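Worksheet: one structure, shown below.
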Amino acid sequence: MKYFFIFSFFHIFMLMGCVSKPATKTTQGAVFDVLARTDTLIDLGSVRAGEVVLYEAQVLNSGTEPLVITSVRSSCGCTAVEYEKRPIGVGERGDFSFRFDSRGMWGTQLKLVEVESSGGKYSITVKAEVN
């Protein structure tokens, strides 16, 4: 009986080591000019299935008035977006990032992120080849 408990404890400990968080890869990205009205494609390249990619970028205000991002929507719950909540001054940059979680995905993935601001609408397409 004593050996059974030792054996069971050992196996439970080994199984716990097999459960892990998905790997996270961070990518430094571009500077988006939402006032340029040019939609952007971000190609994350090859992503391992289960990997989470953090893409860090900035939003540039090239206008003549402060820029306020009013909403950001993504086409899928696998893409979580964080952005600057305060007004971005003329000529200044604000932080903008998103996480793409590839768990449960395979093949070519295209996700849309729509940004609405005081300067208009802007679309970002996120592409990843999940393998």
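The values are calculated or read from the model by the stated rules, or taken from the named source; none is laboratory data. These figures come from a predicted structure and were not determined experimentally. All Cβ positions, glycine included, derive from the backbone under ideal geometry; neighbour counts span all protein chains shown.
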Original post:
Which one of these does ASP39 not meet: (1) crowded, with 16+ Cβ neighbours inside 10 Å; (2) modelled with pLDDT under 95?
Top reply: (1)
Original post:
When you scan the stretch 102-119, how many residues do you find that are on the phi > 0 side of the Ramachandran plot and either among the basic types (Lys, Arg) or not in a strand (DSSP E or B) (or both)?
Top reply: 1
Original post:
Right, SER97: touching a Ser or Thr at 6+ places or on another chain (Cβ under 8 Å) and part of a strand (DSSP E or B) or not?
Top reply: no
Original post:
Which members of the stretch 50-66 meet the condition of being at pLDDT below 90 and either hydrophobic (A, V, I, L, M, F, W, C) or under 11 Å from VAL115 (Cα atoms) (or both)?
Top reply: ALA57, VAL59, LEU60
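Residue-by-condition table, conditions (1) of a type outside the set (S, T, N, Q); (2) in contact with a strand residue (DSSP E or B) (Cβ under 6 Å, 6 or more places away or on another chain); (3) at pLDDT 90 or above:
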| residue | (1), (2), (3) |
| --- | --- |
| PHE32 | yes, yes, no |
| PHE98 | yes, yes, yes |
| ARG103 | yes, no, yes |
| GLN109 | no, yes, yes |
| GLU114 | yes, yes, yes |
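Of all residues in the stretch 37-66, how many are not hydrophobic (A, V, I, L, M, F, W, C) and not in a loop (DSSP other than H, G, I, E, B)?
Of the stretch 37-66, the ones not hydrophobic (A, V, I, L, M, F, W, C) are 37-40, 43, 45-46, 48, 50-51, 55-56, 58, 61-66.
Now restrict to residues that are not in a loop (DSSP other than H, G, I, E, B): 40, 43, 45-46, 55-56, 58.
Going through the stretch 37-66 one residue at a time, the tally reaches 7.
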**OP:** Determine, yes or no, whether TYR122 is in contact (Cβ under 8 Å) with a residue 60 or more places away in the chain, in a strand (DSSP E or B), touching a Gly at 6+ places or on another chain (Cβ under 8 Å) and buried (at least 21 other Cβ atoms within 10 Å of the Cβ).
**Re:** no
